[in-house]
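Undergrad: Structure in structure tokens, see below.
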Amino acid sequence: MAPATINRYAAALAAVLTWAIKKRIAPRGWENPCKGIERRPEDNEVVRFLSESERVALLSECKKSVWSKLYLFVLIALTTGARRGEIERMRWGDFALGLEQPVCSVNKTKNGDRKVLPLVPAVVEELRRHMGAPTALVFASKRRPDVAYNHVPSWHRALKGAGVRNCRFHDLRHSCASYLAQSGATLLEIAEVLGHRQLSVTKRGPRQIASRLFNVVVAWARSAARSASGTLAMFFAINDVRGFPASISSCPSRKCQ
């Protein structure tokens, strides 16, 4: 069992016993035995990035998948750094594709904060191919529309077909951060794109956040488009990227419709 998992279990048990003491369920004078448990050092994170050849092969396999939305699912993860759960909960009403600078509003994240994801042209084009009702899940199960589609089998088949080993879906998030860093984004900008609380500054309104992050991602896209062998050149149609505005003038201050 990983050290982080042991620490979480110990913390949960300690919380239950503390509650029992406060409610006087535990015997009088009884002390929480978890106080003496030392936290184990956590160094579980395996940082894995997709190489350019792996990324090309993986996306190619995703396009061949029997699940028609696997390519879009993976493309969103690679270009926005969104978590799997965030992508699974996306609804069509969260996307504002009609804006000059398309975005997606993520209202429920792992840390509870709301964030706005800038969308690159390749993602927008793919989204328009699958448009659905505003309240419907983008990646809904075929049998139960209110539940996310089980992408795991399709994802594993794509990995196997592409010859990509030891890759978790979460590694697409790492890859996105790596691509942004290679394109000159600062740690603060990367943290805001990924929705990390660390390295955060005074909270800005959604309009200002979307403006700055959109510029970061578009700059990244333009950098890739300048070279046929650029880090993400394969994601973007060069004409679309050059036609993208250099700055964002407006963004919805509430949930994108």
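Computed from the coordinates by the stated procedures, all read-outs in this text should not be read as laboratory data. Since the structure is predicted, the reported quantities are computational estimates derived from the model, not experimental observations. Here the Cβ is made from the backbone with ideal geometry for all residues, glycine too, and neighbour counts use every protein chain on show.
Undergrad: Using 10 Å bins from zero, what percent of all Cα-Cα pairs in the stretch 72-158 falls into each bin?
TA: P(r) for the stretch 72-158, in whole percents per bin: 16, 53, 28, 2.
Undergrad: Separate question: How much net charge surrounds ARG165 when only other residues with a Cβ under 12 Å from its Cβ are counted (Lys, Arg +1; Asp, Glu -1)?
TA: Residues near ARG165 contribute +1 overall.
Undergrad: OK, next. How large is the translational diffusion coefficient of the stretch 1-102 in µm² per second when you combine the Kirkwood radius over alpha carbon pairs with Stokes-Einstein at 25 °C and 0.890 mPa s?
TA: Here the translational diffusion coefficient equals 132 µm²/s.
Undergrad: For ILE21, what is the net charge nearby, where nearby means another residue's Cβ is under 15 Å from its Cβ and Lys, Arg count +1, Asp, Glu -1?
TA: After counting each charged neighbour, the total is +4.
Undergrad: In the stretch 1-86, with Lys and Arg counted as +1 and Asp and Glu as -1 at Cβ, which of these residues, ALA10, SER51, TYR71, has the Cα nearest the positive end of the dipole, that is, farthest along it?
TA: Working it through, the farthest residue towards the positive pole turns out to be ALA10.
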